[in-house]
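Please read the structure below before turning to the comments.
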Amino acid sequence: MTNPYNTSVESGSILGPTIRFTGELTAGEDLVVHGQVNGTISQATRVTIGPEGVINASIRSAHIAVEGRVDGDLLASKSVVVHASAEVRGNITAPAISIEPGAVFTGSIDMEAARSPAKNAAARP
């Protein structure tokens, strides 16, 4: 995985630590959040919540990485990584989930619902 903070290599948007956003945040590019978001975050390719990030929102993305605090559900079509510095209070749905030792997590994990309908149909007897 590439460094999500290296914006000179990849295109993306960064919400700095002094940014406070309320509402529906939609991005068609990678998104790094160091500030605060209240509402929803959706349609980003990769969402990274930095160590200073405070999110009171549900997040929907292909890839989600959390280093800060999230109060809300995480739904990823590919993967969720909860780093050791993170606090997550909400449900996680993704086909691949990693929670590092030291992370705080309260919620449920659902890896089955994240599978594609074709894979679910093939898995049935």
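Assorted remarks:
- Test for residue 10: is it over 12 Å from the mean Cα position of the chain (by Cα), modelled with pLDDT under 95, more than 20 Å from residue 113 (Cα to Cα) and not basic (Lys, Arg): yes
- Only listed residue being modelled with pLDDT of 95 or more and exposed (fewer than 15 other Cβ atoms within 10 Å of the Cβ), chosen from 84, 76, 103: 84
- Failed criterion for residue 58 (all others in (1) surrounded by fewer than 20 Cβ atoms within 10 Å (Cβ to Cβ); (2) part of a strand (DSSP E or B); (3) at pLDDT below 95; (4) touching an Asp or Glu at 6+ places or on another chain (Cβ under 7 Å) hold): (3)
- Any hit, region 21-39, residues being in a loop (DSSP other than H, G, I, E, B), at pLDDT below 95, acidic (Asp, Glu) and on the phi < 0 side of the Ramachandran plot: yes
- Qualifying residue in region 40-52 (condition: surrounded by fewer than 17 Cβ atoms within 10 Å (Cβ to Cβ), modelled with pLDDT of 95 or more and not in a strand (DSSP E or B)): yes
The values are calculated or read from the model by the stated rules, or taken from the named source; none is laboratory data. On a predicted model such as this, the values are computed, not experimentally measured, just so you know. Heads up, the Cβs are rebuilt from the backbone with ideal geometry, glycines too, and the neighbour counts pull from every protein chain shown.
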